[in-house]
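Right, one structure below, let's go through it.
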Amino acid sequence: MAQRVVVTLSDDIDGGDAAETIAFGLDGKSYEIDLNQTNAKKLRTALAPYLDAARKQSKSGKAFRHTTVAANPAAVRAWARSHQMDVPPRGRIPKKVYEAFEAAN
């Protein structure tokens, strides 16, 4: 005997048919809401100014924060070569090379 399961979404605001489930978070809590296209658009419009001003969060839950500007690796390599420092042509540049570059500039 086969079974067929049909899931019907109801709009959590007006009770009509929902078109999608929207997941969002606030104050450290995660939420989901089923909305039709009109209500989904209203939610996105209402949140747009806040989303534009917000920082995205990493998967670990910590906000991305980039407080320093890292030197351009190509510039660091060129500087290191001009000062006869051993630097690989590709890959990770040793920390001591970055430190020397920062101290000189």
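Values quoted throughout were computed directly from the atomic coordinates according to the rules given, and no laboratory measurement underlies them. Predicted, not measured: the structure shown is a model, and the values here were computed from it. Note: ideal-geometry Cβ built from the backbone for every residue, glycine included; neighbour counts use all protein chains shown.
When region 19-40 is filtered for residues that are of a type outside the set (S, T, N, Q) and over 21 Å from Thr8 (Cβ atoms), the ones remaining, listed by number, are Phe24, Gly25, Leu26, Asp27, Gly28, Lys29.
For region 85-104, the count of residues that are more than 29 Å from the chain's Cα centre (by Cα) and of a type in the set (Lys, Arg) is at least one.
Within region 23-36, does at least one residue satisfy the condition of being part of a loop (DSSP other than H, G, I, E, B), among the polar types (S, T, N, Q) and touching a residue at least 24 places away in the same chain (Cβ under 8 Å)? Yes, the conditions are met somewhere in region 23-36.
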